[in-house]
1. Of everything in segment 59-75, what is among the β-branched types (Val, Ile, Thr) and more than 16 Å from the ligand (Cβ to nearest atom)? Give them in sequence order.
2. Report the residue count in segment 89-124 for those that are aliphatic (A, V, I, L, M), within 29 Å of GLN38 (Cα to Cα) and open to solvent by 10 Å² or more (accessible area, probe 1.4 Å).
3. If TRP245 passes every condition in (1) surrounded by fewer than 22 Cβ atoms within 10 Å (Cβ to Cβ); (2) in contact (Cβ under 8 Å) with a residue 24 or more places away in the chain but one, which one does it miss?
4. What's the number of the only condition in (1) closer than 28 Å to ALA111 by Cα; (2) in contact with a Lys or Arg (Cβ under 9 Å, 6 or more places away or on another chain); (3) open to solvent by 70 Å² or more (accessible area, probe 1.4 Å) that SER667 fails to meet?
5. Would you mind finding the one in GLY224, GLY175, GLY196 that is farther than 24 Å from GLY63 by Cα and not aromatic (Phe, Trp, Tyr)?
6. Picking from GLY414, GLY429, GLY474, which residue would you name as being of a type in the set (Gly, Ala, Ser), buried (at least 22 other Cβ atoms within 10 Å of the Cβ), assigned to a loop (DSSP other than H, G, I, E, B) and in contact (Cβ under 8 Å) with a residue 24 or more places away in the chain?
7. For segment 130-164, which positions are surrounded by 24 or more Cβ atoms within 10 Å (Cβ to Cβ), more than 16 Å from the ligand (Cβ to nearest atom) and within 29 Å of LEU90 (Cα to Cα)?
8. Quick one: in segment 549-558, which of the residues that are in contact with a Phe, Trp or Tyr (Cβ under 8 Å, 6 or more places away or on another chain) and in contact (Cβ under 8 Å) with a residue 60 or more places away in the chain is most open to solvent (accessible area, probe 1.4 Å)?
Amino acid sequence: MSLLRHSLVLSILLASPAAAQNLDSLLARMTLEEKLGQLNLLSAGGRASPAQMQLAREGKLGGLFNVIGAENTTPVQRIAVTESRLKIPLLFGLDVIHGYRTIFPIPLAEAGSFDPDAAQATARAAGLEAAAAGISWTYAPMVDIARDPRWGRIAEGSGEDPYLGSLMAAARVKGFQETIFATAKHFAGYGAAEAGREYNTTEITERTMRETYLPPFKAAVDAGVASLMSAFNDIAGVPSSGNAWLTDTVLRREWGFNGFVVSDWTSVAELIQHGVAAGPSEAGRRALTSGVDMDMQSSIYVDSLPALVRANRIPMAVVDSAVMRVLRAKMRLGLFRDPYRARTTPPVAETRALARRVARESIVLLKNDRNVLPLGRNTPTIAVIGPLADSKVDPLGPWHTLGQPEDVVTVLQGIRSHASATHVLYARGAGIDDSSTAGFAEAVAAAKRASVAVLVLGEREDMSGEAASRSMLGLPGVQEQLLEAVAATGTPVVLVLMNGHPLILEWAADHVPAIAETWFLGVEAGNAIADVLFGDANPSGKLPVTIPRSLGQIPLYYNHRNTGRPFEANNKFTSKYLDVPVTPRYPFGFGLSYTTFAYSVQLYVHDEVASVARPVRELKGFQRVTLKSGESRAVDIRVGVRDLAFYGLDMKRVVEPGTFRVYAGPSSAEGQEARFEVIR
Ligand code: BGC
């Protein structure tokens, strides 16, 4: 495949001193404006504007994003490589988050598959489609650990666990980078936004940063990620887009990262709003000298920094290092050799099949009382109800790039094609977030005529993702009332949830016999959901996040520390609430199957006594196993001594001798327990 060819050529170029010398001599020929131009990244509205074309001609542009389609990337690239003085090619970026045209499950859903190979495969397929459209660089994977379901961008990441998050990060980087460059974002701590409010400030200790928020970035770096994106948030007063400790000390010096760092959208200019820079020049100086190489959308580097460099307020060596990182990336990608990039035609049928398989694997069965599921194919009448049951837009999720509604198989369509012998009734019942109950009567009537009612409820696709934090996590609008009205008919209800935020649904958890969490599954949503509802696929997804019982429990995550007064039911003076249990409604790692045949084994460890209190459990390994009826199998999950390390009192990694508990089981709240000892 052409991309493999690229990377091969790339390593040859990197290994060749001649190539390095070429870049050195290129740098030596660049004017200051051309150097800062390489650090300038702008968004286009589908195609480059005349002004952007002129910047490319003048050598004042390093890359563009949101230029869609090879027919639009090619003309502006031609200007860069034929009309600009130094003929340096442009990078073309895009947010290819979970698919380019063929949309896969949102990353949070896919993390629930606990299947890094699947994540690698979908990233590979997305990269192929994007590359065919002229894209050379995606702003993914988003690897922010998120412990707060109110935060809308929880949908874009892998959930709350650093171990799972790290595996998914590495897998996605490898998948994308078979064809295009990946970007691990948002460096760092964005998911810790206080109160889950988008763009909010954070307070993260160095230990929590290193143990919880940074591991997926480290995994991405170790997997060879080409770039990182600096985050919007500040950490205890130091904005991530001007944070030398993060970008220079940790990323470059400790981890040896030799790719480049791009800012988030205007996050360089936002240093002014944060209150750490008085104006654009200071903001630009702070960001660049902290190690942010490329300026996305602020135009500050290119417009305001030449004067500062000339006044010796920014050393030329700092500019040169940043420029070289960008140029090396372009060389590594093969852009100097092939600026238009060899185009391949992505395989459509295989990609759809992959979308369906991964969507199935991502579905988490939360409840299945009285074996309501799977539905028999001969079920005489099924009522399919709810505002999301026949939605062609929402299954695409909050950031679906070029995903098209006409590509989506809805739940209603999926059920109809699976249940040919069954009479399928459909009633929308209500809107997603409006207040009208006018459609309830039709929905109730349909449920009364049916032997089972499948309710497809949840959030609209734009209710999660960026700038979509929610302070309430119930079903929007009158959907909960619709659910109650249908359940009151006595017809068994299967609740199929589509959502980007983890939802708090206590009434449903208590009263509805079967609940399947499907998040947003992409173009094959309806087929995958029907596969699971009818038992063609045994559900195997697990929760990548904790589902709380109430908003007041947030933040709630499984790998918390113990406190000096851990919960005891009969002791008032222990850590708990008066009005809600301390436990979640559904714990991290939880998910049912129809049979005991498919089982996923999760392995957690707890360091009992250490110089720094350790989490009650930490995921250290897992395995998906599929067993036939009557079959048993030994599962081998290895945890190395180094995997037991933590940051000690001196913030150095250490494995302290002593006893550990190990738990093996189907979720973070269950399992068999054993102990072992680490001897000096
Ligand atoms: C988001 C990034 C994204 C960028 C470019 C920003 O608003 O925070 O995740 O990559 O826009 O589209």
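The values are calculated or read from the model by the stated rules, or taken from the named source; none is laboratory data. Note that this is a predicted model, so its numbers are computed, not measured. Please note: Cβ atoms are built from the backbone with ideal geometry, for glycine as well, and neighbour counts cover all protein chains shown. To get the accessible areas, we keep the full protein, side chains included, count just its heavy atoms, and leave off ligands, DNA and RNA. Shrake-Rupley method; radii C 1.70, N 1.55, O 1.52, S 1.80 Å.
1. Step one: of segment 59-75, the residues among the β-branched types (Val, Ile, Thr) are 67-68, 73-74.
Within segment 59-75, THR73, THR74 meet the criteria.
2. Applying the first criterion (aliphatic (A, V, I, L, M)) to segment 89-124 yields 90-91, 94, 96-97, 103, 106, 108-109, 111, 118-119, 121, 123.
After this cut, where a residue has to be within 29 Å of GLN38 (Cα to Cα) as well, the list is 90-91, 94, 96-97, 123.
Next, only the ones that are open to solvent by 10 Å² or more (accessible area, probe 1.4 Å) stay: 97.
Residues meeting the conditions: 1.
3. So TRP245 meets the others, but not (2).
4. Checking SER667 against (1) closer than 28 Å to ALA111 by Cα; (2) in contact with a Lys or Arg (Cβ under 9 Å, 6 or more places away or on another chain); (3) open to solvent by 70 Å² or more (accessible area, probe 1.4 Å), the one that fails is (3).
5. It is GLY196.
6. Just one listed residue meets the conditions, GLY429.
7. ALA131
8. So, considering only residues that are in contact with a Phe, Trp or Tyr (Cβ under 8 Å, 6 or more places away or on another chain) and in contact (Cβ under 8 Å) with a residue 60 or more places away in the chain, the one most open to solvent (accessible area, probe 1.4 Å) is TYR557.
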